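*Asks:* Got a structure here, written out as structure tokens. Questions coming.
The numbers here are math on the coordinates, done by the rules we state, and not lab data. These numbers come from a predicted model, not from an experiment. Here Cβ is always computed from backbone atoms with ideal geometry, including for glycine, and neighbour counts include all displayed protein chains.
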Amino acid sequence: MPSETFTSHALTLVVSEQPATVLVTWQGRSTAREPAEFLIPILTKALDRASELKQPLTLDFRQIEYFNSSTITPVVRMLEEAKRRGASLVIQYDKKLRWQELSFSALQVFHTGDQRIKVMGV
Amino acid sequence: MQVTLQLALKPVWEEIDVLATKCHDFLKGEGLDADARNALSMVACELAENATKYGHFNDSKESVKVSLAVQSTHVTVTVANPVTQKEAESLAILDHTIQWIRGYQDPFQAYLERLRDVSVQSLMSAESRLGLVRIAYEGQSTLDFFVGADGILVVSATFPVQAAGRGEA
């Protein structure tokens, strides 16, 4: 399964093609002043690939230690972009971590009735 | 008894990671649990990001001043930076945003509304303005601010003691 690793400062994204999904694993800390410059090209390409393979894109945040509010913005915009394209996007977070539960449970406002857009505590 | 951490940061982005580590270490030393440490470090970092972005720093002697005061009933995070008339627009946005958050009984609702607004902006737009409402919702803190006669903007966030769990080393 091919995978690519992208690093910017203390943040690493690993993009891999799994049997049933294109997976983006987030690791470290996302604290850049304008994180969208790093994130959007990677996430857009991953969403393109997932659409090509007719698979969901999964963003796995369980290993992330911290992100600033500027990081939430491109994630939210990708949810909206996936919805607009009719693509499927799943966010996974660690529900045992209170800060992740607070941060990501709010994103459930973007759920779609057909389950294409899902934010799940694991 | 009040225990305070006071820091003066250079107005450069790299200092914010240093702040996060120092906040965590200080709050751990004060016996706050991991959830409270994470929330308060986030609050301090978001406020310091705003100060670094929107402050008016004339020379290398001017800094972003951060303090964390731990008391029995609450923890107060205070961030101060110089401003001038040139920052009038930023101050108006700050004032408006804090008033807007106060207009909600539950900051979660304000946060959701801001998320919806952000979601429909263009993919590469740098605008977020999520920081203050994140402090109110995720950081469970009450925001306030004033500008002193010396041209220093002071923004404070007060975190209630019932949210500030203690006991875990």
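*Asks:* What average number of partner chain Cβ atoms lie no more than 10 Å from the Cβ of the residues making up A:61-73?
*Replies:* 5
*Asks:* Now a separate question. Would you mind telling me the antiparallel percentage of the DSSP bridges in chain A, rounded to 5?
*Replies:* Bridges in chain A that DSSP calls antiparallel: roughly 45 percent.
*Asks:* Please report A:SER16, B:SER141, B:SER60, A:SER3 as a ranked list, fewest other C-beta atoms within 10 angstrom at the top and most at the bottom. Walk me through the numbers on the way to the answer.
*Replies:* On the way: A:SER16 16, B:SER141 28, B:SER60 8, A:SER3 11.
Going from least to most buried by this count: B:SER60, A:SER3, A:SER16, B:SER141.
*Asks:* Still on this model: Select from chain B the helices, each a whole stretch of DSSP H, whose alpha-carbon atoms run 20 Å or more along the helix axis and whose Kyte-Doolittle mean is at least -0.5; answer none if there are none. Working shown, then result.
*Replies:* Working: long enough: B:15-29 (21 Å, 0.05); B:34-54 (30 Å, -0.08); B:88-102 (21 Å, 0.27).
Membrane-span-like by this rule: B:15-29, B:34-54, B:88-102.
*Asks:* A further question follows. Suppose R0 equals 22 Å; then what is the FRET efficiency for A:THR44 and B:GLN99 from their Cβ-Cβ distance, rounded to the nearest 0.05?
*Replies:* 0.05
*Asks:* Order these by the 10 Å Cβ neighbour count, fewest first: A:PHE6, B:PHE26.
*Replies:* Neighbour counts put them in this order, fewest first: A:PHE6, B:PHE26.
*Asks:* Past the 23 Å Cα-Cα mark, which pairs from B:LYS28/B:LYS61; A:LYS54/A:LYS96; A:LYS45/A:LYS83; A:LYS45/A:LYS118; A:LYS45/A:LYS96?
*Replies:* B:LYS28/B:LYS61; A:LYS54/A:LYS96; A:LYS45/A:LYS96
*Asks:* Rounded to whole Å and sorted largest first, list the principal axis extents of the Cα atoms in chain A.
*Replies:* 32, 30, 24
*Asks:* Measure off 7 Å from each Cα along the Cα-to-Cβ vector at A:ALA10 and A:LYS54, then give the distance between these two points in nanometres to one decimal.
*Replies:* 4.3 nm
*Asks:* Sort A:TYR66, B:TYR137 so the one with the fewest other Cβ atoms within 10 Å of its own Cβ comes first.
*Replies:* Ordered by Cβ neighbours within 10 Å, fewest first: A:TYR66, B:TYR137.
*Asks:* In addition: Taking the dipole about the Cα centre of segment A:3-121, with the C-beta of Lys and Arg at +1 and of Asp and Glu at -1, give me whichever of A:PRO56, A:LEU102, A:SER3 is farthest to the positive side.
*Replies:* With unit charges placed on the Cβ atoms, the residue in question is A:LEU102.
*Asks:* Could you give the dipole magnitude of chain B about its Cα centre, charging the beta-carbon of Lys and Arg +1 and that of Asp and Glu -1, in debye to the nearest 20?
*Replies:* It comes to approximately 100 debye.
*Asks:* Could you name the lysines whose alpha carbon sits less than 18 Å from that of B:LYS65, not counting residues in the same chain fewer than 8 places away?
*Replies:* B:LYS10, B:LYS22, B:LYS53
*Asks:* What average number of partner chain Cβ atoms lie no more than 10 Å from the Cβ of the residues making up B:97-103?
*Replies:* Partner-chain Cβ atoms within 10 Å, mean over residues of B:97-103: 0.
*Asks:* Placing unit charges on C-beta atoms (Lys and Arg positive, Asp and Glu negative, everything else neutral), compute the dipole magnitude of the protein assembly as shown about its Cα centre in debye, rounded to 20.
*Replies:* Computed charge dipole of the protein assembly as shown: roughly 520 debye.
*Asks:* Now a separate question. Quick check: convex hull over the Cα atoms of the protein assembly as shown, volume per residue in Å³, rounded to an integer?
*Replies:* In the protein assembly as shown, the Cα hull volume divided by residue count equals 136 Å³.
*Asks:* Dividing the convex hull volume of the alpha carbon atoms of segment B:48-105 by its residue count, what do you get in Å³ per residue? Mind showing how you got there, number by number?
*Replies:* Details: hull volume 5.6 nm³, N = 58.
Spelled out: Cα convex hull of segment B:48-105, divided by residues, is 96 Å³.
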